[in-house]
Amino acid sequence: MSQGRDIIMEQDGPLWRGRFAAMASPCECLIRGVSESLARRSIQCVAEEAWRIEHKFSRYRDDNLMATINNASGQWVALDDETARLLDFADQCWRLSEGAFDITSGVLRRAWQFDGSDCLPEQAQIDTLLPLVGWQKVDRRAHSIRLQAGMELDLGGIGKEYAVDRAFNLAGQLSEADLLVNFGGDLVGRAAQEPWLVGMEGTARPLAGRLQFTTGALATSGDSRRFLLRDGIRYSHVLDPRSGWPVSSAPRAVTVFGQQCTQAGLLSTLAILQGKDAERLLDEAGAQYWIQWGDDAPATG
């Protein structure tokens, strides 16, 4: 999915803000108390890293590594260090979730179109795709991978949070200034001058108002924009790869605060995949979180 590579710069007193689009999301970088030249360098660094990761790992392109892997027709494909590490993380997610988090499940989108309508697929459509799902079916060596013909990898479940952490770390090396990187609501920041104050988006209204912090990250998972609604039942876009159907009794939204965006994103996603047991998982992990069930007021843990 191609997007423009324009950066809009704004200044408000000591605060510089750069806005751009990447990974189908509005993105921004905020930096405080620096010169215009350093602000521009920092914001450009963040945007370039977001665009690099999107170009390399997006499943919407036909000219990148993901396309090579997905179109290899059962042949081995060599991996660079970065991709191997990301797949190691995906393997960890799969094991922690007991198979509920699976980066091969993207093929199920051929049956499901989460456009807010009431159109559910036939079970026969799902049954034809399930043989192409299953991380345990993927062959891996240290720096190579082989998929069965017809299978695909989709890193959308971890890519944006990974990009946030990467961009933040790179820009953070340019200065010790207060810095915040926000890609579509998944963010990480640090502050010495004054805390960052961020709003948390829920489903129909703000999840829990605002959060003030000096160091940390936020990530949100939910179905506020991608769902189906039929006979009064809301079907989340979060699919259980073992059944091919949306996770039942899942929260509408889960926001987790952590030290890294990838860490927070993993917990928020695993919580959604737990369905009605989402809060139990988060409590056992000792996470700070905000969770919304249906249209009820959000719970905090």
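Here are the numbers for this structure:
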quantity: Residues satisfying the stated conditions in region 235-258, i.e. touching an Asp or Glu at 6+ places or on another chain (Cβ under 6 Å) and either polar (S, T, N, Q) or part of a strand (DSSP E or B) (or both); calculated: Ser236
quantity: Ala72 of a type in the set (Gly, Ala, Ser) and either touching a Ser or Thr at 6+ places or on another chain (Cβ under 9 Å) or part of a helix (DSSP H, G or I) (or both); calculated: no
quantity: Residue match in region 121-133 (condition: within 22 Å of the chain's Cα centre (by Cα) and either β-branched (Val, Ile, Thr) or closer than 20 Å to Pro241 by Cβ (or both)); calculated: yes
quantity: Subset of region 40-57 [of a type in the set (Asp, Glu) and either open to solvent by 30 Å² or more (accessible area, probe 1.4 Å) or within 11 Å of Ile7 (Cα to Cα) (or both)]; calculated: Glu48
quantity: Which numbered condition Val77 fails, given (1) in contact (Cβ under 8 Å) with a residue 40 or more places away in the chain; (2) open to solvent by 20 Å² or more (accessible area, probe 1.4 Å); calculated: (2)
quantity: Close pairs from region 101-129: first farther than 27 Å from Met66 by Cα, partner aliphatic (A, V, I, L, M) and open to solvent by 40 Å² or more (accessible area, probe 1.4 Å), Cβ under 9 Å, at least 6 apart; calculated: Gly116/Leu229; Ser117/Leu229; Asp118/Leu229
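The values are calculated or read from the model by the stated rules, or taken from the named source; none is laboratory data. No experiment lies behind these values; they were computed from the predicted model shown. FYI the Cβ positions are ideal-geometry reconstructions off the backbone, even for glycines, and counts take in every protein chain you see. Areas reflect the complete protein model, heavy atoms only, side chains present, ligands, DNA and RNA absent. Shrake-Rupley method; radii C 1.70, N 1.55, O 1.52, S 1.80 Å.
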